[in-house]
Structure formats: C-alpha cells, structure tokens
Amino acid sequence: MKIFLDTANIASIRHYSEMGMVDGITTNPTLLSKEGGDPEEIIRKIVKMVQGPVSLEVISTEVTQIMEEAYILKQYGSNVVIKVPMIPDGLKAVKKLREEGIDTNVTLVFSATQALLAAKAGASYVSPFIGRLDDIGNDGMSLIRDINQIFKNYQYNTKILVASVRHPIHVIESAKVGADVVTLPPDILGKMFLHPLTDKGLKTFISDWENLKKTNPSIKIL
Ligand code: G3P
C-alpha cells in the first residue's frame, strides 16, 4: 500500500521523505490555506521535492473552467494529478483528461455509487473520505470494502485512495482491505512510529551500555 501525505507543509514533507515514507502528496484548498504564504511557491516546492503523484485541486465547478484550471495546474510538473470534485461536470472533465492522458483524482467521494461513476469516467484515483463518514455515524471502512469489491469485480484500473484518515487503525484496516493508497495527515503518520515498549526497550539498552562502560573503562567501541 502506498502512503501519500495529505498536507502542503514543506517541513513535514521533507521530514518524512528523508525516511522514504512519501509516495505522493494530496493537497486541497483548505490544506494550502492553512500554510499561509504564496500557494504557487508552495506547490512549486512540493512538486520539485516529491517524485510521486501530487494531487492539486481545481476550484471551478463547470467543465470548461475545470479544464482550463487543469491545464494551468498540470504546468507545475509531469507528476501533477488533477483533483476534481465528485460532481457531473467534474466527471465530464475526468473523461476529457483521461482521453488526453492526464491523471485525475476524484475527491469528496462518500458512496460506492459515486466511486463507480468516477471509475467509469476514467478516474486514476477515487478519494473516499472515511473520517467524515465516521463523524456522521456511518462506517467509513465499509465503504472502502464495497468500492474494493466493485473495482475488483469489473477490473477497473481506478485506484482507491483512502482520505480523511483520522487514526492509525484506519491505516491498518485500509491495508487489510487492500486499498491502493492511504493519504495521511503528518500527525497520523507520526503516530504510526510510536510504541511505548520501543521507548522503554531503547532506554534500557542505552542505560545498560552506559553501566557496562562504567565497569569496563577499557571498552573502545561506542
Ligand atoms: O484530502 C482531504 C481529506 O483527507 C479530508 O480530510 O480530515 O478534512 O476530513 P478531513
């Protein structure tokens, strides 16, 4: 399963890229607005730093305007994926962009019917928002299972990009279902590293070694 970072924060992208954890990036207007500064400059930096797909979202809701925005966004780099909302004109744009060989990510997906339509239009990725479904008392993970089953039944090439991820259990459940990608806010990826037994064990190893050195001052290594 690939891990994308759901952020426009350059420091986080650099931090996790140094560990080889960043297979791609998803952004949206909200994430860019959180960073402040010049969004164009931020986008340029992200596209340069990350080899994998970088989803950049259009704002328009009418097909001609979506296409115009898509061409502008695509100029930032060959790895740019055009993120389009799950609306009829969005899917018209997805079809056109597919015909032109441009990758798309259909966002704001909350049902299996929406995912099916996005796949039929030729989306490269669908982004079901599981956390927001959980928030309203639905079961976000069961949507991922349904979409996975449907895409398998009919051999759609559209990848499932699990979005609105709120905790590491969402990540494990997505991997068990066989989702193609999870896009994670940096703090969720950070939580995946943590285990109290790792910290406790490391503390013991270090203190035991320090004690050993005290009793054997001739030790040369470390
Ligand atoms: O890409 C954005 C999506 O992941 C939404 O997340 O936490 O705003 O529901 P959230």
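Here is a yes/no grid of residues against (1) surrounded by fewer than 22 Cβ atoms within 10 Å (Cβ to Cβ); (2) in contact with a helix residue (DSSP H, G or I) (Cβ under 7 Å, 6 or more places away or on another chain):
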{"site": "ASP38", "(1), (2)": "yes, no"}
{"site": "GLU41", "(1), (2)": "yes, no"}
{"site": "THR61", "(1), (2)": "yes, yes"}
{"site": "VAL94", "(1), (2)": "no, yes"}
{"site": "GLU100", "(1), (2)": "yes, no"}
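The rows are residues; the columns are (1) over 23 Å from ILE160 (Cα atoms); (2) within 16 Å of the ligand (Cβ to nearest atom).
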{"position": "ILE25", "(1), (2)": "no, yes"}
{"position": "GLY36", "(1), (2)": "yes, no"}
{"position": "LYS74", "(1), (2)": "no, no"}
{"position": "LYS92", "(1), (2)": "no, no"}
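Out of curiosity, is GLY190 within 25 Å of MET1 (Cα to Cα), open to solvent by less than 90 Å² (accessible area, probe 1.4 Å), free of Cβ contacts under 8 Å to residues at least 12 places away in the same chain and assigned to a helix (DSSP H, G or I)? Criteria met by GLY190. Filter the range 103-119 down to residues that are open to solvent by 20 Å² or more (accessible area, probe 1.4 Å) and either in contact (Cβ under 8 Å) with a residue 12 or more places away in the chain or at positive phi (or both), then give me how many there are. Total meeting the criteria: 8. In the set (1) open to solvent by less than 80 Å² (accessible area, probe 1.4 Å); (2) within 15 Å of the ligand (Cβ to nearest atom), ILE66 fails one condition alone, (2). Checked against (1) over 23 Å from VAL80 (Cβ atoms); (2) surrounded by fewer than 19 Cβ atoms within 10 Å (Cβ to Cβ), ILE144 passes all but condition (2).
Residues in the range 153-173 include at least one that is of a type in the set (S, T, N, Q), within 15 Å of the ligand (Cβ to nearest atom) and surrounded by 12 or more Cβ atoms within 10 Å (Cβ to Cβ).
The residues of the range 111-135 that are within 16 Å of VAL165 (Cβ to Cβ) and out of contact with any helix residue (DSSP H, G or I) (no Cβ under 6 Å at 6 or more places or on another chain), listed by number, are TYR125, SER127, PHE129, GLY131, ARG132, ASP135.
Taking the criterion of being within 16 Å of ARG132 (Cα to Cα), touching a Phe, Trp or Tyr at 6+ places or on another chain (Cβ under 8 Å) and free of Cβ contacts under 8 Å to residues at least 60 places away in the same chain, the only residue of the range 144-179 that qualifies is SER164.
The values are calculated or read from the model by the stated rules, or taken from the named source; none is laboratory data. Owing to the predicted nature of the structure, the values given are computational and were not obtained by experimental measurement. Cβ sites come from the backbone with ideal geometry, for glycine too, and all protein chains shown count toward neighbours. All accessible areas refer to the heavy atoms of the entire protein, side chains included, with ligands and DNA or RNA removed. Shrake-Rupley method; radii C 1.70, N 1.55, O 1.52, S 1.80 Å.
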